[in-house]
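Laboratory data are not the source of any read-out in this text; all were calculated from the coordinates shown. Quick caveat: nothing in here was measured; it's all calculated off a predicted structure. Positions of Cβ are backbone-derived with ideal geometry, glycine not excepted, and every protein chain shown enters the neighbour counts.
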Amino acid sequence: MKFDWLIVGAGYSACVLAERIATQLGLRVLIVEKRNHIGGNAYDYYNEHGILVHKYGPHIFHTKSSKVWHYLSQFTEWRPYYHHVLGVVEGKKIPIPFNLNSLYDLFPPRYAEKLEDLLLENFGFGVKVPILKLRENTNSSLDFLANYIYENVFLNYTLKQWGMKPEELDKNVTGRVPIYISRDNRYFQDPYQAMPKLGYTEMFSRMLFHPNIKLLLNTKYQEIIDDVKFDRLIYTGPIDEFFDYMHGELPYRSLRFQFETLDQEWYQEVCQVNYPNDYEITRITEQKYFSGHPSPKTTLVMEFPEAYVPGKNDPYYPILNEANRNRLSLYTSEVEKLKKSVCFVGRLADYKYYDMDQAVLRALHVFEKSVVNSTE
Ligand code: FAD
Ligand code: UDP
C-alpha cells in the first residue's frame, strides 16, 4: 500500500494534520509513533484506581483562539475548568500568579495597602507585569516587592526547573506567569478554558478515526522509512535528531514524574501547589480536579526536573536562549535545503515552547499554507 503522507509522531501536531489531510483532501496517511500510545505529551489514561491521569505532567487547555476552540470542539465535549495554583512562600500558600490577594496574604494589611497603591499608580489595575520588568522599576518600595517576589517565587523554582536563573532564559519563560495586578486568582484569563470531557486521548482517538488514517505504534520512523512507500513527509519529532545531530544537540529540559495514590478523597485545596523554595520538586498536581470524577482515592503527580539525556528520558522543554537559537538556525538552514519536501511541525520540530493551542494553530497553518499547496 502506498500512502500520500507519512507523519512522524502522534501528538497534537500530527493528529491535527492527519485529520485535515484525511477529511479535507481525501488522502491516505500513515502515522508512525515510537511510544505505545497516541496523544504525545498530552496523553491521559485511567490508572488502576479508575482516576484519569496525565502521564506527562498536567495539561490544562486554555486559548484565546476561537479557531482552535471550534476546531477541537468537533472531537470533544468540554468540562468547564479554571486552573488554580497556590505557591508555598514562607510557610503560607499564596495565589500564583502573584496578585493583589497574594500581597495581602503575605504582608501586614497597611503595608500591603501601600504596595497595592504603588502597583496601581505605576501600572494600573488589570495589568500583567513580568517579574523581570517589575525589577526594572526605580521606586524603593516597589523595588523591595520586586526582589521579594523574585527571590521567593521565581528564583529557586526556575533554578530547579531549568538549572538557570530567570535572567539567563528568554524573558518570555518567566513572563508566562506575570505578576497580575488584580484579585483574579485563576492561573489563566483566556476566554476559552476547559478540559476535554472524556480526556485528551479520547479526543485524539476521534480525530484519527477515519479509514484514510493508519497508525503504527511502538515504532521509530527510522525503522520503517526505507520500507514504506509514501509521497510526502511531515515530521514532528526533534529537529536535531532528524539531521543526526550534525550541528550538535539542541538542549532540552526533562522531568521525572512520581505518581502517588492516597486512600483519601482529596489532598490539597487546589489542583496545583508549587514549591518554589522547598524540596526537589517544583509542583504537585492532584489529578482528580481535571476530570471531576468522584473517587474515594486521589492521585498526585510530583515533578522532579532533570537534564535531558537522549535515549534516557524525554525532551520536554526547549531551552530558549541565544546560543540555542543560533544552533536552531543551523538546523533551519538544513530544512531549507530540503526544498519543502519535508514539513517540520510542532514543539520538537520547531524547537518552540508551544502550548497545546499554539501547536494546533501552527498545525492548521501548515495545513492551509503548505500541505494544501503541495497537493494541488
Ligand atoms: P509532542 O506531544 O511532543 O508529540 C511528538 C510525538 O513525536 C511524540 O509522541 C513522540 O513520541 C513522537 N516521536 C518523536 N520522535 C519520534 C521518532 N523518531 N519516531 C516516531 N515518533 C517519534 N500545553 C498547554 O497548553 N497547557 C499545559 O498545561 C501544558 N502542560 C505541559 C506540561 C508538560 C510537562 C509539557 C512537557 C508540556 C506541556 N504543554 C502544555 C505543552 C504540550 O504538551 C505541547 O504543546 C503539545 O504536546 C505539542 O504537541 P506536538 O505534537 O508538537 O509534540
Ligand atoms: N515560574 C516560577 N515560579 C512559579 C511558577 C512559574 O519561577 O511558581 C517560572 C518558571 O521559570 C517556569 C515558568 O515560570 O518554568 C513558566 O511557568 P509555567 O507554569 O507556565 O510552566 P509549565 O506549566 O509550562 O511547566
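Listed values, structure above:
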quantity	calculated
Highest average packing first - 179-187, 220-228, 74-82, Cβ atoms within 10 Å	179-187, 74-82, 220-228
Long pairs among Lys114/Lys165; Lys165/Lys352; Lys133/Lys165; Lys64/Lys214; Lys34/Lys55, criterion Cα-Cα beyond 22 Å	Lys114/Lys165; Lys64/Lys214
Between the stretch 84-106 and the stretch 211-272, the alpha-carbon center distance in angstrom	34
Highest-fluctuation residue, Asn326, Asn147, Asn101 considered, GNM on the chain with Cα pairs under 10 Å	Asn326
Beta bridges per DSSP with both ends in the chain, % antiparallel, nearest 5	60
Order of Phe209, Phe204 - criterion: other Cβ atoms within 10 Å of each residue's Cβ, fewest first	Phe209, Phe204
Quarter of Cα convex hull surface for the stretch 111-176, i.e. mean projection, nm²	4.5
At 1.567 mPa s and 4 °C, Stokes D of the stretch 35-190 from Kirkwood alpha-carbon radius, µm² per second	72
Neighbourhood charge, 10 Å Cβ-Cβ cut-off, centred on Asp231 and excluding it, Lys, Arg +1 and Asp, Glu -1	+3
Helical mean residue ellipticity (222 nm; -39500 (n - 2.57) per DSSP H run of 4+; nearest 500) of the chain	-8500 deg cm²/dmol
The chain - Rg over Rh from alpha carbon coordinates, Kirkwood radius	0.99
Dimensions in Å of the stretch 233-284 - Rg and Dmax from alpha carbons	18.5, 51
Exposure proxy order (Cβ contacts within 10 Å, fewest to most) of Thr298, Thr285	Thr298, Thr285
Rounded tilt (10° steps) of 322-337 against the dominant C-alpha axis of the chain	20
Residue-span extension gain [Thr261 to His84] - 0.36 nm each, minus C-alpha spacing	61.6 nm
